[in-house]
1. Filter region 33-48 down to the residues that are in contact with a helix residue (DSSP H, G or I) (Cβ under 8 Å, 6 or more places away or on another chain) and either part of a strand (DSSP E or B) or without any contact (Cβ under 8 Å) to a residue 60 or more places away in the chain (or both) and list them by number.
2. Say whether the condition of being at positive phi, surrounded by fewer than 19 Cβ atoms within 10 Å (Cβ to Cβ) and within 15 Å of ligand 1 (Cβ to nearest atom) is met by at least one residue in region 253-260.
3. With respect to residue 64, determine if the residue is assigned to a loop (DSSP other than H, G, I, E, B) and over 27 Å from the mean Cα position of the chain (by Cα).
4. I'd like to verify a number: residues in region 4-32 that are part of a strand (DSSP E or B) and surrounded by 15 or more Cβ atoms within 10 Å (Cβ to Cβ), how many?
5. Looking at (1) under 26 Å from residue 92 (Cβ atoms); (2) surrounded by fewer than 22 Cβ atoms within 10 Å (Cβ to Cβ), find the lone condition where residue 334 falls short.
6. Sort out which residues of region 340-352 are buried (at least 17 other Cβ atoms within 10 Å of the Cβ) and either part of a helix (DSSP H, G or I) or touching a strand residue (DSSP E or B) at 6+ places or on another chain (Cβ under 6 Å) (or both), and write them in order of number.
Ligand code: XLS
Ligand code: CA
Ligand code: CA
């Protein structure tokens with residue numbers, strides 16, 4: 001088979017001094033960091049949709065990138081050409097995972113039976129491609145937003161027939177995920193939300209979403225899916241208000257409906273910032289609840305109120321991300337680069353530059369997070385900050401042995417507490433800068 005990216009070599013690691021645009025400067029797969037190779041810290045995945053499907057359209061303009069890969073678009077030949085391009089791309093970059101939506105893989109037909117037949121054909125082709133490589137599926141999902149039938153949501157639709165089509169797509173996407181050895185299955189509730197409460201029964205809709213998720217768990221387990229299900233929170237866009245607003249909201253939902261044993265979260269950087277949080281905040285909330293499963297590794301633009309899905313370059317953000325991931329003991333999923341090149345970056349080389357940028361940014365984040373941990377000053381400061389709970393009344397509060405009356409009597413006796421110790425934020429920020437830039 002002829003090469004699709006014929007002028008692009010396998011991307012080598014050349015180190016920070018390299019000026020070769022087609023080389024990694026920081027992502028060094030074999031380098032040992034905190035006792036394990038970088039590639040194990042960073043299971044990076046290609047997002048089928050952005051990398052192989054998206055051609056730069058926006059609401060004001062047509063495609064700028066040609067991703068026909070030598071085949072006529074809208075055909076199964078094109079679907080297969082995308083597989084060929086995707087595998088060549090992943091192999092040249094040393095990526096070991098991909099993520100997909102059902103309709104990223106094949107053109108959707110009018111009749112779901114024909115779409116499913118096409119999905120069988122393409123997944124056979126992908127399986128064949130996987131042989132002899134170490135490339136695997138990170139997670140699969142169903143696109144429950146694009147088709148007009150989902151205008152009012154999928155599981156949250158007012159139409160029971162639409163609910164059935166969502167169920168049928170989830171069932172098929174689970175079949176594909178299992179067939180391709182996927183580690184996870186994602187629910188991103190894109191249109192599971194509302195525009196106005198004047199026409200919406202929120203409780204009814206949330207119960208229906210939970211019902212679909214329960215059926216997905218039952219079916220997935222029955223066909224041998226042992227991985228995690230994930231909710232990917234996002235507060236808005238396309239809907240004005242989406243039910244899976246942020247990590248805390250999604251965790252509350254999973255617990256309320258008894259889904260928390262089978263589900264974890266897939267935290268996307270750009271979605272956290274749209275919710276008014278830092279990426280690190282949502283990672284921490286997921287982690288402390290035992291629900292940090294996977295990451296959609298990208299970056300938003302804080303000047304814009306929508307999802308820009310940029311490749312990460314902000315090393316401060318990737319460092320804080322990697323700190324959370326290391327402290328959580330790693331991910332059950334991985335780092336899906338749910339990111340697209342900017343519209344004027346339309347050439348095949350740009351696709352490679354983008355992954356080099358993103359992988360280098362997370363590799364640097366990993367190295368810097370390891371440096372912060374090894375330095376130890378920040379961890380020691382945080383531990384010391386709560387030292388008043390180690391002995392005396394503080395220890396009794398922590399062990400649950402005390403009462404409101406006892407604490408009130410203690411306060412009476414004291415008359416007035418000392419001020420709590422300084423938060424030392426500026427000092428801590430300067431430590432981070434020293435470690436980042438030394
Ligand atoms: C859209 C989401 C979507 C999910 C998968 O904003 O990021 O791409 O990751 O459906
Ligand atoms: Ca995403
Ligand atoms: Ca996104």
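The values are calculated or read from the model by the stated rules, or taken from the named source; none is laboratory data. Worth saying up front: this structure is predicted, and the values here are computed from it rather than measured. Note: ideal-geometry Cβ built from the backbone for every residue, glycine included; neighbour counts use all protein chains shown.
1. Residues satisfying the conditions are 33, 44, 46, 48.
2. The answer is no; no qualifying residue exists.
3. no
4. Summing the residues that are part of a strand (DSSP E or B) and surrounded by 15 or more Cβ atoms within 10 Å (Cβ to Cβ) in region 4-32 gives 2.
5. (2)
6. Once the filter is applied, which keeps residues that are buried (at least 17 other Cβ atoms within 10 Å of the Cβ) and either part of a helix (DSSP H, G or I) or touching a strand residue (DSSP E or B) at 6+ places or on another chain (Cβ under 6 Å) (or both), region 340-352 yields 348, 351, 352.
Residue by residue, here is whether (1) at pLDDT 95 or above; (2) out of contact with any helix residue (DSSP H, G or I) (no Cβ under 8 Å at 6 or more places or on another chain); (3) assigned to a helix (DSSP H, G or I); (4) away from ligand 1 (no atom under 16 Å from the Cβ) holds:
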{"residue": "110", "(1), (2), (3), (4)": "yes, yes, no, yes"}
{"residue": "114", "(1), (2), (3), (4)": "yes, yes, yes, yes"}
{"residue": "118", "(1), (2), (3), (4)": "yes, no, yes, yes"}
{"residue": "123", "(1), (2), (3), (4)": "yes, no, yes, yes"}
{"residue": "129", "(1), (2), (3), (4)": "yes, no, yes, yes"}
{"residue": "139", "(1), (2), (3), (4)": "yes, no, no, no"}
{"residue": "145", "(1), (2), (3), (4)": "yes, yes, no, no"}
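Condition check ((1) surrounded by fewer than 20 Cβ atoms within 10 Å (Cβ to Cβ); (2) more than 28 Å from residue 88 (Cα to Cα); (3) in contact with a helix residue (DSSP H, G or I) (Cβ under 8 Å, 6 or more places away or on another chain); (4) modelled with pLDDT under 95) across all residues:
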site	(1), (2), (3), (4)
321	no, yes, yes, no
326	yes, yes, yes, no
356	no, no, yes, no
372	no, yes, yes, no
380	yes, yes, no, no
385	yes, yes, no, no
